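First the structure, in the form of structure tokens, and then the observations on it.
The values are calculated or read from the model by the stated rules, or taken from the named source; none is laboratory data. What you see is a predicted model; the values in this text were computed from it and never measured. Reconstructed Cβ throughout: ideal geometry from the backbone, glycine too, with neighbour counts over all protein chains shown.
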Amino acid sequence: MSNRGYKILLFMTAAIWGGGFPITKIALNYGTSPNAILAVRFLAASVILFAYLCYKKEKITRSEVKLGLFTGVFLSLGFSFQTVGLSYTTASKNAFLTGTYVVLTPFFAWLFTRKMPKKQIYFSCFLSLLGIFLLSWSGENVSMQFGDVLSLLCAVFYAIQISYMSAKIGEKNPLHVNFFQMLSAGILTLIYNIILKGGSVSSFPENKVQLFSVGFLVVFNTLLAYSAQTLAQKYVESSLVCLILSTEILFGAFISFLFLGEILSFQSLLGGFLMFLSIFLAEFDWKKKSDKESITK
């Protein structure tokens, strides 16, 4: 597959995650606990991957185990802090502050690889963040609250997970790494759910609607999407990965507009335009363009 193909794979991942917003909302409306959804998503996905790996009988290296377990910790922390943060702040502020991982990822990428991202990446990241702001913000008070701090910490954990995975994936098998990432995230999220419920494991999916919704999230939003992301990160730099994946909020808004009847305002459309513009600017080879101009002068 070409480099462009892996970028398309990331866009497909973002679209799947965006579609997960209304699916998750349906599951929550039927009384499923948010942390129960996360635990089932990760653990069920790891079980499916385990069955596949047993069938393939491929050798798993120690470095693949370490990388998967390590990134799984930050994936679990990111989701957990985002979920708890949502209880102490508004949904739009939570979405925007979580989206700041777009501007944090290039700095963590530099920390892990000691390679500076292209100059236009920084402008593209801030442009994408502005797009996220327009998509998610609805005029709330700008004062910082406890939930906002948790949402920002969530962004830090997401940025670490993406940048560290990109830095260390190398020649490792993405499915091997993703299995241990899902397993680690699932176990930690389950433990957190039990602690939060005081030792209870209630609010897990029970009826048909809950099972279908969570089943969709397991197969598409977790198993396929994270496997695709891990594979693509072998070939696409982390700064561009986060720019593309951040469009999930745009896909989520559009799909919610189509199927849930939610409003898609001009502000949202402008935000979406800025997000796609940021990806174009990050991809554009300005050096090659300037070289061509200097030749023709």
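State all residues of the range 3-34 that are modelled with pLDDT under 90 and over 26 Å from residue 87 (Cα atoms); if no residue qualifies, say none.
Residues satisfying the conditions are 3, 4.
Going residue by residue through the range 239-248, is there one that turns out to be among the small types (Gly, Ala, Ser) and either at positive phi or at pLDDT 85 or above (or both)? Even if it seems obvious, please write down each step before you answer.
Step one: list which residues in the range 239-248 are among the small types (Gly, Ala, Ser), which gives 239, 246.
Filter again for either at positive phi or at pLDDT 85 or above (or both), leaving 239, 246.
For the range 239-248, residues among the small types (Gly, Ala, Ser) and either at positive phi or at pLDDT 85 or above (or both): present.
I'd like to check which helices (runs of 4 or more DSSP H) are fully inside the range 62-170 and have at least 1 residues that are over 22 Å from residue 187 (Cα atoms) and among the basic types (Lys, Arg).
91-98, 119-136, 146-168
On the given criteria, is residue 220 of a type in the set (Phe, Trp, Tyr) and either at pLDDT 95 or above or over 24 Å from residue 81 (Cβ atoms) (or both)?
When the stated conditions are applied, residue 220 passes them.
Would it be correct to say that residue 27 is over 21 Å from residue 184 (Cα atoms) and outside any loop (DSSP other than H, G, I, E, B)?
Numbers: over 21 Å from residue 184 (Cα atoms): yes; outside any loop (DSSP other than H, G, I, E, B): yes.
Yes: the conditions hold for residue 27.
Among the basic types (Lys, Arg) and under 18 Å from residue 223 (Cβ atoms): does that describe residue 62?
So residue 62 fails the test.
Within the range 83-116, restricting attention to residues that are surrounded by fewer than 23 Cβ atoms within 10 Å (Cβ to Cβ), closer than 27 Å to residue 175 by Cα and of a type outside the set (A, V, I, L, M, F, W, C), which residue is nearest to the chain's Cα centre (by Cα)?
Ranking the candidates gives 83 first.
Scan (1) closer than 30 Å to residue 167 by Cα; (2) touching a residue at least 40 places away in the same chain (Cβ under 8 Å); (3) not polar (S, T, N, Q) for the single condition residue 191 breaks and write down its number.
(2)
Given the conditions (1) at pLDDT below 95; (2) of a type in the set (Lys, Arg); (3) surrounded by fewer than 16 Cβ atoms within 10 Å (Cβ to Cβ), which single one is not true for residue 62?
(1)
List the helices (runs of 4 or more DSSP H) inside the range 202-276, counting only whole elements, that have at least 2 residues being surrounded by fewer than 16 Cβ atoms within 10 Å (Cβ to Cβ) and either of a type in the set (A, V, I, L, M, F, W, C) or more than 20 Å from the chain's Cα centre (by Cα) (or both).
208-216, 248-259
Is one or more of the residues making up the range 227-249 hydrophobic (A, V, I, L, M, F, W, C) and more than 17 Å from residue 9 (Cβ to Cβ)?
Of the residues in the range 227-249, the ones hydrophobic (A, V, I, L, M, F, W, C) are 228, 231-232, 236, 240-245, 249.
Subsequent filtering for residues that are more than 17 Å from residue 9 (Cβ to Cβ) retains 249.
So far as the range 227-249 goes, yes, one or more of its residues are hydrophobic (A, V, I, L, M, F, W, C) and more than 17 Å from residue 9 (Cβ to Cβ).
Please list, ordered by first then second residue, the pairs with beta carbon atoms under 8 Å, 6 or more apart or interchain, first in the range 46-57 and closer than 19 Å to residue 187 by Cβ, second of a type in the set (Val, Ile, Thr) and part of a helix (DSSP H, G or I).
48/218; 48/219
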